[in-house]
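What follows is a short report on a single structure.
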Amino acid sequence: MLPHAAAALVVVLLLLVIVRLPWAGDLGMHAATVQRLRHSLLHPGNPLVDADTPSPYYSPWMLVLGVIAKVTGLSVFVVLRIAALAGLALLVTGVWRYVRTLSPHRAAPALALLSLVFLWGPLLFNWSGFLGLNSLALTVSYPSVFALGLTFRFWAWLTRATREEATWGRWLGLGVLWALILLCHQFTGVVASLGALATVIAARPARPVLPRLAASSALGMLLLWLWPYYDFFSLFSAGADLEAIHRPLYEHLAARFGLVLLGVAALVLRVRRDRWDPLALFFVLGALVFAAGGLTGHYSWGRALPAALIPAQLAAALEAVAPGRRAVRAGWACVLGAALAVGAWTQAGTLGYVTGKSALPSVVAAKYHTPWVGYHWITPWVKYGDVVMARRSPARQIPAYGPYTVAPGYPDVFLRDAARREAAVERYFAAGTSASDRAGILREYDVKWVVGPEGMTGRGLRKVTVGPEGQVLYRVVR
């Protein structure tokens, strides 16, 4: 069948992408996290800077990857490829299992997978935790993909538990799984929670089920409280930096997500058939949280948007195989196919992560976004644990190889002096800063290396090598 063949091609494409593992976004943070865990499983410290702080990146999944790296001696990037394979397998099988609880039709899971990756909009959008094909290609090794795979399984098991005489053990297992998702990727955990709430409301469970549901929730909360690597509940007091980073989630909504309106129409049809439809309830909850974030300035709440997108995308796919007149289904399938084709064309540049840009036709190459080059070129000189002075963009990549940077390349809710560190970096690279002030900054943070532009020799620095785009590695001379 055509949907199965198309879904299989998507999976094969992502498997080939894993071989290349294109670098962009948060990959450096996750690589740095594995680096710290492979050196110290119990006290890894801050992943990015030389400081003894907890980090929400030290999740159960990253701990497993750290153990793999430590025991096998594999490089961090090989371990991340293993993570990508596990995450992709969980995601594909999880979607299949959840969709099976919504429709018995053979083509439903394949259509659902295609809708999840292609039913977006004419403007390319990439973000961790969002399931567009291009976004998946860049984030497939991230904990968010692993957590999404667990989430679809969680919804499937919860749906069955609300329909059957589920045992206490199954309900407690659901509580453990809920906590695991939240610890592995907090934003995906919010999406998982909203989907679970919609499932329970739609099922309207009998009174005997309620104590088991309460026990499941209580066990999950207990595990969140007991996790030793960071205080989960302190994340609710995250600072303004987190809100500023997520503000773009509220921009260009029609261009990024316009095709999802087809799914909204499908949800209306589902509600007309069943006012307690779980996908419709799920969509409403996700849309409310997303809208509340935009209205109140809590832009990080925008990460709940998949809780509105996923049910709409699934509804669009399921409507093509819903019971009813054949002519209506055929018409819907044609409209869905056209929407999927538009979404696929928008994301056609993803092919370049497998073939390289030069192998693409010019019209497709124009849609290709070049991944980051990386900083492997500094590793012959810069060793694990050395501190490097670098601006934000290099600081998002350098810790992936083992060194630290003066300031973190990402917001860090547990690093109390993050603003002071960022100010020190800005002051160091500012044109008017005196030589003595620069030397004082280097001493304060025990900096051994500087990555910067040409022309910095003579400031207590010795040029060592030149990297891509004219970047220079300098050794600090004391």
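The values are calculated or read from the model by the stated rules, or taken from the named source; none is laboratory data. These figures come from a predicted structure and were not determined experimentally. Cβ: placed from backbone, ideal geometry, glycine included. Neighbour counts: every protein chain shown. Protein only, heavy atoms only, side chains kept; ligands, DNA and RNA dropped before computing areas. Shrake-Rupley method; radii C 1.70, N 1.55, O 1.52, S 1.80 Å.
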Exclusive hit being of a type in the set (Val, Ile, Thr) and under 30 Å from residue 213 (Cβ atoms), set 151, 139 | 151
Every pair of residues 6+ apart whose Cβ atoms lie under 8 Å, when the first sits in the stretch 459-478 and is on the phi > 0 side of the Ramachandran plot while the second is assigned to a helix (DSSP H, G or I) = 460/435; 460/438; 460/439; 460/442
From the list 394, 403, which one is out of contact with any helix residue (DSSP H, G or I) (no Cβ under 6 Å at 6 or more places or on another chain), open to solvent by less than 10 Å² (accessible area, probe 1.4 Å) and within 30 Å of residue 231 (Cα to Cα)?
-> 403
Out of curiosity, is residue 152 open to solvent by 20 Å² or more (accessible area, probe 1.4 Å), assigned to a helix (DSSP H, G or I) and in contact with a helix residue (DSSP H, G or I) (Cβ under 7 Å, 6 or more places away or on another chain)?
-> no
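For the stretch 302-365, which helices (runs of 4 or more DSSP H) that fit wholly inside it have 2 or more residues that are in contact (Cβ under 8 Å) with a residue 12 or more places away in the chain and closer than 19 Å to residue 130 by Cβ?
306-319, 326-346
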May I ask you to list the residues in the stretch 94-119 that are assigned to a loop (DSSP other than H, G, I, E, B) and open to solvent by less than 20 Å² (accessible area, probe 1.4 Å)?
-> 101, 103, 107, 119
Report whether or not residue 284 is assigned to a helix (DSSP H, G or I) and open to solvent by 70 Å² or more (accessible area, probe 1.4 Å).
-> yes
Filter the stretch 308-352 down to residues that are crowded, with 24+ Cβ neighbours inside 10 Å and among the hydroxyl-bearing types (Ser, Thr, Tyr), then give me how many there are.
-> 1
Cβ pairs under 6 Å, 6+ apart or interchain, first in the stretch 111-130 and more than 14 Å from residue 341 (Cα to Cα), second aromatic (Phe, Trp, Tyr) and in a loop (DSSP other than H, G, I, E, B), ordered by first then second residue, are 128/142
Got a sec? Which of 426, 422, 469 is acidic (Asp, Glu), crowded, with 16+ Cβ neighbours inside 10 Å and part of a helix (DSSP H, G or I)?
-> 422
(1) open to solvent by 30 Å² or more (accessible area, probe 1.4 Å); (2) under 29 Å from residue 341 (Cβ atoms); (3) within 22 Å of the chain's Cα centre (by Cα) all hold for residue 304 apart from (1)
